[in-house]
Structures are given as structure tokens and as C-alpha cells.
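Quick notes on the structure that follows.
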Amino acid sequence: MTDNQTKSRRQFLAGSAAAAGAALFTEPVAAQESGYVIDVPEVISMEIDGTSDRFPVRRVFALGRNYRAHAIESGDDPDVTPPFFFIKPRDAVVEARNGHPYPQMTKEFRYEAEMIVALKSGGKDIDPDDALDHIYAYGVGLDMTREDLQHVAQELSRPWAISKSFDNSAPCGPLYPVETNGHAVDGRIWLSVNDEIKQDSDLSLQRWSVSEGISILSQYYELTAGDIIMTGTPAGIGLVNKGDVIKTGIEGVGEIEVVIT
Ligand code: MN
């Protein structure tokens with residue numbers, strides 16, 4: 001793209017976004033071009049397999065304790081305590097292939113393999129039978145966690161946001177659209193560290209299926225296009241250090257590799 005094309009694209013986006021009252025920018029737009037008082041924050045977006053088009057991320061919801069064996073290893077009684085939701089900021093979503101910096105303020109940095117669900121539409125009180133109709137694509141991602149901070153939060157009954165919702169905490173691979181790849185209902189979900197298998201389970205073992213998860217989440221939030229849901233991790237969570245190579249994959253969806261730098 002030439003400088004002139006870039007400039008006219010920016011102006012077009014700035015004009016249409018201002019008219020729509022929404023931030024639709026695909027690249028940083030300087031304040032003086034946009035009418036906003038600071039530079040417009042970048043739209044966070046995800047790669048889509050097979051196309052240069054991108055999926056813009058609105059919110060990142062995540063399911064906790066959504067596999068029975070992981071709920072038990074985390075100290076829950078899955079017969080008593082249901083899964084739950086938490087949120088990451090949208091800019092936690094980063095490209096897996098770019099490598100992952102070991103974060104600040106932790107000495108215990110944990111991996112969690114998760115399937116990502118990306119919504120093309122939403123609503124409130126979505127019927128489980130209609131939930132899959134709202135899905136644009138599936139992908140593979142990691143819910144990275146500062147475990148030591150999570151333990152402090154748990155011990156003090158405080159929110160655990162700083163353990164889960166930090167910069168770069170959701171490295172993700174490309175999205176695989178339902179239109180071309182179908183729905184991901186069952187299939188192996190696995191993760192290795194330095195080629196040693198650590199997590200090995202199946203999507204069919206999710207306590208709340210994707211349909212149920214979307215339906216239950218929509219009772220608490222009005223879901224919209226652009227929302228993504230991390231659907232929980234199986235048993236076998238553990239810690240990584242600088243230099244470790246995490247590989248994780250979901251049968252029928254894809255694989256990613258994340259190097260901790
Ligand atoms: Mn998780």
C-alpha cells in the first residue's frame with residue numbers, strides 16, 4: 001500500500017467511524033486526524049485462516065474450571081461447584097507466533113490450553129439450541145496465568161484480575177471459520193512443553209458445552225459480534241520458564257507454537 005493509499009484509507013476510516021460513533025480503525029490513527037483528543041486505540045484483531053481479512057475483537061470472556069479433572073486439580077468439587085466466567089482485556093489477545101514475553105510481577109507463569117470461540121452475532125438469553133448459529137469461527141489459544149498472584153488473590157478472597165487479565169495473556173492462533181471448517185464439538189485438545197505432553201483431553205469432556213456456555217454467558221451479558229470466549233482448560237496445567245516452547249492443538253481446529261522469551 002502506498003503512503004497516499006494509506007492516508008486515504010485512514011481518512012475514510014476516520015470519517016466513517018466518526019459518523020457511526022464507533023472506533024473502527026484498523027491501524028493507529030493520530031488524534032489530529034480523527035477528532036478524538038488522544039490517538040485512537042488500535043483495534044485488536046485476529047488472523048483468519050485462508051484470508052487476509054481479520055476478525056475484530058470486542059471482549060474476551062473466559063470459562064474457568066470447565067473440565068472436571070481440571071476442576072478437581074484446582075481444588076473444586078465439580079459435583080458442587082459449577083464452572084464460572086472471567087474476562088480478559090481485548091488487547092490480551094496477541095499472535096502466538098510472535099513469541100511470548102515472560103511477564104513482570106510473577107515467578108510462577110502458567111499455561112492453559114483452550115479452545116477459542118469467536119462470535120459473529122449475539123443477544124441476551126440465547127437458547128442453547130440456537131447458540132452455535134452465533135459462532136463465526138474456532139481457534140486455539142492459551143490462557144496464560146500469573147499463578148503466584150492468583151494464589152494470593154484466592155487466599156485473600158480478592159478479585160484475581162491481575163493474575164489472569166494482564167498484557168499479552170492470551171496468545172492465539174488463527175481462527176478457522178465455521179463456513180469452511182465446521183463446528184468443533186469433540187476432538188483431542190492437547191499441550192506440550194518442550195515436546196513433553198502435559199495436557200491431553202477431549203472437547204467432549206467440557207462440563208459446559210460451547211452451546212451451554214454461550215447460553216449461560218448470555219444470561220449475564222448481552223453478547224455481540226466480536227466477542228470471543230475461551231472455553232476452559234483440561235487437567236495438567238503447569239509452569240513455564242524463559243526459553244520453553246509450548247505447543248498446543250485441537251483436533252480438527254489447528255495447532256500453535258508459543259516460545260516464552
Ligand atoms: Mn483458563
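Just so it is clear, none of the values below were taken in a lab; they were calculated from the coordinates. What you see is a predicted model; the values in this text were computed from it and never measured. Here the Cβ is made from the backbone with ideal geometry for all residues, glycine too, and neighbour counts use every protein chain on show.
Separation between the His183 and Glu196 pseudo-spin-labels, each 7 Å from Cα along Cα→Cβ, expressed in nm?
3.9
Using DSSP, restrict attention to beta bridges with both residues in the chain and report what percent are antiparallel, rounded to the nearest 5.
On the way: 47 of 55 bridges.
Roughly 85 percent of the beta bridges in the chain run antiparallel, per DSSP.
Can you work out the FRET efficiency for the pair Gln104 and Glu155, with r the C-beta to C-beta distance and R0 = 30 Å, to the nearest 0.05? Don't skip to the answer; put the middle values down first.
Numbers: r = 21 Å, r/R0 = 0.71.
After rounding to 0.05, the efficiency reads 0.90.
Between the range 43-112 and the range 232-261, what is the separation of their alpha carbon centroids in Å?
What the calculation gives is 11 Å, centre to centre.
Bin by bin, in steps of 5 Å, what percent of the Cα pairs in the chain do you find, going until the bin that has the longest distance?
Calculated over all Cα pairs of the chain, the distribution is 1, 6, 12, 16, 18, 17, 13, 8, 5, 3, 1, 0, 0 percent.
Nearest 5 percent is fine: what portion of the DSSP beta bridges confined to the range 79-218 is antiparallel? Kindly include the intermediate steps, with their values, before the conclusion.
On the way: 18 of 21 bridges.
DSSP beta bridges in the range 79-218 are roughly 85 percent antiparallel.
Which residue, Gly64, Gly122, Gly75, has the most motion in a Gaussian network model of the chain that connects Cα atoms within less than 10 Å?
Judging by the Gaussian network model, the answer is Gly75.
Let me know the number of lysine pairs in the chain closer than 30 Å at the Cα, not counting same-chain pairs under 8 apart.
Final tally of qualifying lysine pairs is 20.
So for Ile116, Ile216, fewest C-beta neighbours within 10 Å to most, what's the order?
Details: Ile116 27, Ile216 18.
By the 10 Å Cβ count, ascending: Ile216, Ile116.
With θ set to phi - 60° and the Karplus curve 6.51 cos²θ - 1.76 cosθ + 1.60, what are the ³J(HN,Hα) couplings of the range 132-146 in order, to the nearest whole Hz, using x for Gly and Pro?
Ordered by residue, 3J(HN,Hα) equals 5, 5, 8, 8, 8, 6, 10, x, 10, x, 10, 9, 7, 9, 8 Hz.
Pop out the ³J(HN,Hα) list for the range 60-76 in order, Karplus 6.51 cos²θ - 1.76 cosθ + 1.60 with θ = phi - 60°, rounded to Hz; leave Gly and Pro as x.
With the stated coefficients, the range 60-76 comes to 10, 8, 9, 9, x, 6, 9, 10, 3, 5, 6, 4, 5, 5, 8, x, 8 Hz.
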